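The values are calculated or read from the model by the stated rules, or taken from the named source; none is laboratory data. Treat the numbers as computed from the prediction; the structure is a model and nothing was measured. Here Cβ is always computed from backbone atoms with ideal geometry, including for glycine, and neighbour counts include all displayed protein chains. Remember, those area values only see protein heavy atoms, side chains included, never the ligands or the DNA or RNA. Shrake-Rupley method; radii C 1.70, N 1.55, O 1.52, S 1.80 Å.
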Amino acid sequence: MFKLLKTDGHTKARLGQLRTVHGVIDTPIFMPVGTQAAVKTLDPRELRELGAQIILSNTYHLCIRPGMEVMEKMGGLHQFMSWPYPILTDSGGYQVFSLAKIRKIKPEGVSFRSHLDGTALFLGPKEAMHMQKVLGSDIAMVLDECPPHTGTQRQLHEAVERTIRWAEHCRQQPRAEGQLVFGIVQGAGRPELREQCAKALVSIGFDGYAIGGVSVGETEAEMMKAVEYTEPFLPADQARYAMGLGTPAQIVELVARGVDMFDCVLPTRIARNGAAFTRKGTVNIKAAYCKTDPGPIEEGCTCFACRNFSRAYLRHLINVEEILALRMISVHNCHMYVQLMTDIRRHIAQETFAEFRAEFARTYIPSKNLRACKVDAAE
RNA sequence: GGUAGAAUACCCAAGUGGCCAACGGGGGCAGACUGUAAAUCUGCUGGCUCACGCCUUCGAAGGUUCGAAUCCUUCUUCUACCA
């Protein structure tokens, strides 16, 4: 259950705690993504050392491999992956949208084919909740429909209607002991749909509310708008979770808009592609200028990678394709995200969050792509 | 000493008269990545403008031809075999 400890005086930022079966987590919080029962390249000890309190995993992927029979026999996800701390599982709604090409949406769920071997699968509210019960996650997500943000008004409206209906069904399903269930607000960039969806979910009543349908190809400005259209309709005494977001700068902005929970593949994915997040922006460790750079990824960082290795060494490891490079940059990036959240919480507690936000916006240089979004936002 | 073969951009390597500034790899450089089908994907990689275009390249020097990396001559270097 969520406990709101403090609300920032100048922004909508909140300080809170969410009690789950496997422990209490502090919000605002970042959840590293462990889609297939592993945060790519990192082991539980490393995750714990860098400060991760909760991780995310994915029902769709675990359903395909190893399958729920295995998960059940192995005693659930925590035991299987040796992570005795909180876990949030996504329902698989996003995967159905993002990778199942041949899919048929029906009132009772989605039939589609596995991206691996084409096996015919069916995922409905009942299946999604049952699998998450088997997994034994601390927080289960309802099955939602996440349409492309470019959808027509009618498509988006239907997706919202279906998402609400499925949410009702999910709510009625049996769940694991103490498992929290979060509803997911859809509605793309349409204020009226966001409002409709949020209100309907709140009236059903969930343990927390997620804002979905973001980071699906829209601009940063549109993404912020989607959150702004949704947040006012979410209860203040419940956790709000922005699904799949975001960059460090976006997270700071979203916290200021009242979001408590985040997950994003960027820190781990970008790490494997040779780039690191710092408080000043991303650093491409592959880049030539790191060739003889004796400094750490980020000056002053206390993560294992920065305490021990130079950029020059990490760049070398990338060049010769040593796996250690991917692990160390993943350690750093996750540490950076987790540490950012710790700082955010401290600043909210000390009433200095507004200043922190302004300073961050001033000093963090986003990538070119995101800079384009900033220009977009200014218009 | 003789015979045969080979020399292509940073490296390997295709190309054997015009469609060649030259396939494809590698390497190098740059960019992308947002509820992970991602240790992935995309672009650039002779020079100048960096658009069109122009200029200099395929061991070296000559030659044949309207036109040569491609044909001929000589030279240089390397490889294999024979002495």
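Can you list the residues, at least 5 places off or on another chain, whose amide H is less than 5 Å from the amide H of A:TYR241, using H built in the peptide plane?
A:TYR209, A:ALA210, A:ILE211, A:ASP260, A:MET261
Between 0 and 90 degrees, rounded to the nearest ten: what's the tilt of helix A:153-172 against the longest Cα principal axis of chain A?
80
Mind checking region A:84-154 for GluC sites (Glu not before Pro) that DSSP puts in a loop (not H, G, I, E or B) and that have at most 16 other Cβ atoms within 10 Å?
A:GLU108
My understanding is that a pair violates if its Cα-Cα distance is over 31 Å; which of A:LYS6/A:LYS199; A:LYS12/A:LYS199; A:LYS104/A:LYS199; A:LYS6/A:LYS280; A:LYS133/A:LYS225 do that in this structure?
Numbers: A:LYS6/A:LYS199 24 Å; A:LYS12/A:LYS199 19 Å; A:LYS104/A:LYS199 27 Å; A:LYS6/A:LYS280 28 Å; A:LYS133/A:LYS225 34 Å.
A:LYS133/A:LYS225, as the Cα separations exceed 31 Å there.
Order these peptides, A:29-35, A:342-348, by their mean beta-carbon neighbour count within 10 angstrom, highest first. Don't jump to the answer; show the numbers that get you there.
Numbers: A:29-35: 23.9, A:342-348: 19.6.
Going by the mean number of other Cβ atoms within 10 Å, highest first, we get A:29-35, A:342-348.
Counting only protein heavy atoms and using a 1.4 Å probe, what share of the accessible area of chain A belongs to carbon plus sulfur, as a whole percent?
Numbers: 8400 of 16010 Å².
Carbon and sulfur atoms account for 52 percent of the accessible area of chain A.
Of A:ASP144, A:ASP263, A:ASP117, which is the most mobile in a GNM of chain A whose springs link Cα atoms less than 10 angstrom apart?
A:ASP117
For region A:211-229 and region A:277-300, what is the centre-to-centre distance using only Cα atoms, to the nearest Å?
30
Please give the net charge around A:ALA52, taking every other residue with its beta carbon less than 15 angstrom from that of A:ALA52, where Lys and Arg add +1 and Asp and Glu add -1.
Values: positive: A:LYS40, A:ARG45, A:ARG48, A:ARG327, A:ARG345; negative: A:ASP26, A:ASP43, A:GLU46, A:GLU49, A:ASP138, A:ASP263.
That works out to -1.
Compare A:GLU321, A:GLU253, A:GLU161 by solvent-accessible area with a 1.4 Å probe and give them largest first, with all protein chains kept in place.
On the way: A:GLU321 155, A:GLU253 40, A:GLU161 75 Å².
Accessible-area ranking of A:GLU321, A:GLU253, A:GLU161, largest first: A:GLU321, A:GLU161, A:GLU253.
State the antiparallel share, in %, of DSSP beta bridges confined to chain A, rounding to the nearest 5.
On the way: 22 of 46 bridges.
The antiparallel proportion sits near 50 percent.
Between A:LYS73 and A:ASP237, what FRET efficiency follows from the Cβ-Cβ distance if R0 is 41 Å, with the result rounded to 0.05?
Numbers: r = 39 Å, r/R0 = 0.94.
Rounded to the nearest 0.05, the efficiency is 0.60.
Considering the options A:LEU18, A:THR282, A:LEU50, tell which one lies farthest towards the positive end of the dipole of chain A, charges being +1 on Lys and Arg and -1 on Asp and Glu at the Cβ, about the Cα centre.
A:THR282
Classify region A:9-105 as rounded, prolate or oblate, taking a ≥ b ≥ c as the square roots of the eigenvalues of its Cα gyration tensor: rounded when a/c is under 1.5, otherwise prolate if a/b is larger than b/c and oblate if not. Walk me through the intermediate numbers first.
Details: a/c = 2.15, a/b = 1.32, b/c = 1.62.
Judged from the Cα gyration tensor, region A:9-105 comes out oblate (a/c at least 1.5, b/c at or above a/b).
Just the accessible area for A:MET224, please: 1.4 Å probe, Å², rounded to the nearest 10?
So the heavy atoms of A:MET224 present about 20 Å² to solvent.
Would you please classify the overall shape of region A:93-227 from the alpha carbon gyration tensor, given that a ≥ b ≥ c denote the square roots of the eigenvalues, rounded means a/c under 1.5, and beyond that prolate means a/b larger than b/c while oblate covers the rest?
Numbers: a/c = 1.73, a/b = 1.14, b/c = 1.51.
Note, shape of region A:93-227 comes out oblate.
Net charge within 12 Å of A:THR352 by Cβ-Cβ distance, Lys/Arg positive one each and Asp/Glu negative one each, not counting A:THR352 itself?
Values: positive: A:ARG345, A:ARG346, A:ARG357; negative: A:ASP8, A:ASP343, A:GLU351, A:GLU355, A:GLU359.
The answer is -2.
Where the only charges are on Cβ atoms (+1 Lys, Arg; -1 Asp, Glu), what is the dipole of chain A about its Cα centre, to the nearest 20 debye? Spell out each step's value before the answer.
Working: 45 positive and 41 negative charges, 104 e Å.
With only Lys, Arg, Asp and Glu charged at Cβ, the dipole is about 500 debye.
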